[in-house]
1. Return a yes/no flag: does segment 35-48 have any residue that is farther than 14 Å from residue 88 by Cβ, outside any strand (DSSP E or B) and aliphatic (A, V, I, L, M).
2. Consider segment 48-71. How many of its residues are polar (S, T, N, Q) and more than 23 Å from residue 21 (Cα to Cα)?
3. Would you tally the residues in segment 49-84 being free of Cβ contacts under 8 Å to residues at least 24 places away in the same chain, assigned to a strand (DSSP E or B) and surrounded by 10 or more Cβ atoms within 10 Å (Cβ to Cβ)?
Amino acid sequence: MEIKAKLLEIFESQQVTDTFKKREFVVEYAENPQYPEFLKFELIQDKCELLDEFSKGQKIEVHFNLKGRKWTDPKGVIKYFNTLQAWRILAEGSKPTTQPPINEPPDLYAPKTTQENTINDWPPPEFSAKKKNTLSIADDPFSEAKFPF
């Protein structure tokens with residue numbers, strides 16, 4: 001998800017535990033300028049530094065995830081919490097830096113186009129000396145004859 005908004009407040013980073021830190025900020029989101037919304041976001045861990053290059057009043061584009069949690073208090077009452085967790089902040093109108101394409105594994109289900117991988121090449125060379133469409137137990141690599149256990 002993403003929104004374009006005006007940066008209103010920037011808070012200091014908070015070291016919540018020895019291994020967890022967060023930083024909050026507030027934006028004014030005006031989908032309808034007559035009724036602006038004030039939204040508080042949080043950044044966590046290494047993303048806390050993303051705010052360092054921005055200042056109050058600047059128009060930004062915030063990319064975020066909507067997070068929800070369920071918590072049972074000591075009295076057994078269930079409570080629900082929502083968090084807007086930002087992971088990218090851009091100056092409005094700027095473009096994100098492009099990343100090199102990720103090497104994807106080959107598509108195993110893509111049709112084969114080379115001569116050696118066509119259906120006309122069946123049976124494979126190791127069976128070519130035998131009569132087509134017949135196999136013996138000796139051809140089965142998992143037969144009991146080869147693996148007696």
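Any read-out appearing in this document is the output of simple, stated calculations on the displayed coordinates, not a laboratory observation. Note that this is a predicted model, so its numbers are computed, not measured. Don't worry about glycine lacking a Cβ; one is built from the backbone with ideal geometry, like all the others, and counts go over all protein chains shown.
1. Looking for residues that are farther than 14 Å from residue 88 by Cβ, outside any strand (DSSP E or B) and aliphatic (A, V, I, L, M), one finds none in segment 35-48, hence no.
2. We begin by selecting, within segment 48-71, every residue polar (S, T, N, Q); these are 55, 58, 65.
This time we only want the ones that are more than 23 Å from residue 21 (Cα to Cα), so: 58.
Of the residues in that region, 1 qualify.
3. 1
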